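Scroll down for the structure; my scribbles are underneath it.
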Amino acid sequence: MSQLSAVEIEISVILGRSFLPMNQLLRMGRGAVIPLDVGENDEVWILANGHPIARGDIIIQDEKVAICITDAAQVYDFDAAA
């Protein structure tokens with residue numbers, strides 16, 4: 001096994017963000033819906049080990065969800081959205 005193939009990278013996708021008071025979060029039960037600050041056609045952020053690397057679109061085929069990479073991430077935009 002080469003050294004490169006031994007490196008582990010965690011890939012995350014951020015669909016959107018929401019700010020909730022703790023008491024509201026604690027009252028939520030199974031099936032609760034948390035509103036996000038994005039629309040259905042907005043791009044998502046793709047992170048590698050917690051760092052933004054790309055933007056993408058959500059694609060749903062049959063019962064599977066995938067992400068199509070559309071652009072390189074601009075770290076300054078990601079920080080501004082936080």
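Odds and ends about this structure:
- Selection count where residues are among the charged types (D, E, K, R) and not in a loop (DSSP other than H, G, I, E, B), scope segment 1-27: 1
- In segment 28-82, the qualifying residues are those that are among the hydrophobic types (A, V, I, L, M, F, W, C) and in a loop (DSSP other than H, G, I, E, B), and the one that is surrounded by the most Cβ atoms within 10 Å (Cβ to Cβ) is Ala73.
- Taking segment 1-27 as the range and being among the aliphatic types (A, V, I, L, M) and exposed (fewer than 10 other Cβ atoms within 10 Å of the Cβ) as the test, the residues that pass are Met1, Leu4, Ala6, Val7, Ile9, Met22, Leu26.
Rule-based calculations on the coordinates, nothing more; no lab input. Quick caveat, the model's predicted, so the values are computed rather than measured. Neighbour counts are summed over all protein chains in view; Cβ atoms, including those assigned to glycine, are modelled from backbone coordinates with ideal geometry.
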